[in-house]
Amino acid sequence: MRRPARIEPWLSEEKLRVWLLQAATRQDYQRRLAIWLTHAYRFHAAQIAWMLQVSVQAVWLWVGQYNKQGPGGLERVGRGGRRW
C-alpha cells in the first residue's frame, strides 16, 4: 500500500488545530479536517475520503493545494459567469 501523503509545514501543530476549528462553513471544515487527519494521524487519502464521504481525488486535490499554496490554497474562488 502507498504511504500516506506528506503535509508541508506551513503551520505548527497547534496553529493547524486552531485553523481547523476556525472554519466558517461546513465545506471549509471538511477540507481543513482532511489536511489535519493527514498530518496528525497519517491516514491514507482513501481512509479520509471514506470518513468524510468525499472522493479520493478530492482529498488529493486538497492536500496538493495546501502543500503548494499553504492554508490560503484551500479557499475557494468561484469560476463565475455563465458558461456558453
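Some points to look at:
- Output for region 19-34, where each listed residue is open to solvent by 60 Å² or more (accessible area, probe 1.4 Å), in a helix (DSSP H, G or I) and under 18 Å from G73 (Cβ atoms): Q27, Y29
- Among the residues of region 35-76, those identified as over 19 Å from L11 (Cα atoms), crowded, with 16+ Cβ neighbours inside 10 Å and more than 12 Å from the chain's Cα centre (by Cα) are H44, Q47.
- Scanning region 37-74 for residues that are outside any helix (DSSP H, G or I) and either touching a residue at least 40 places away in the same chain (Cβ under 8 Å) or on the phi > 0 side of the Ramachandran plot (or both) yields R42, H44, Q53.
- Once region 7-16 is narrowed to residues that are in a loop (DSSP other than H, G, I, E, B) and in contact with a helix residue (DSSP H, G or I) (Cβ under 8 Å, 6 or more places away or on another chain), the residue that is most open to solvent (accessible area, probe 1.4 Å) is W10.
- Residue count for region 7-34 satisfying the condition of being β-branched (V, I, T) and within 10 Å of the chain's Cα centre (by Cα): 1.
- Within region 1-25, residues that are closer than 20 Å to L61 by Cα reach partners that are open to solvent by 100 Å² or more (accessible area, probe 1.4 Å) and modelled with pLDDT of 90 or more with beta carbons closer than 7 Å, at six or more positions or on different chains, in the pairs P4/R42.
The values are calculated or read from the model by the stated rules, or taken from the named source; none is laboratory data. Predicted model only: the values in this text are computed from it and were never measured. Note that each Cβ is placed from the backbone with ideal geometry, even for glycine, and that neighbours are counted across all protein chains shown. Surface accessibility is based on the protein's heavy atoms, side chains included, excluding ligands, DNA and RNA. Shrake-Rupley method; radii C 1.70, N 1.55, O 1.52, S 1.80 Å.
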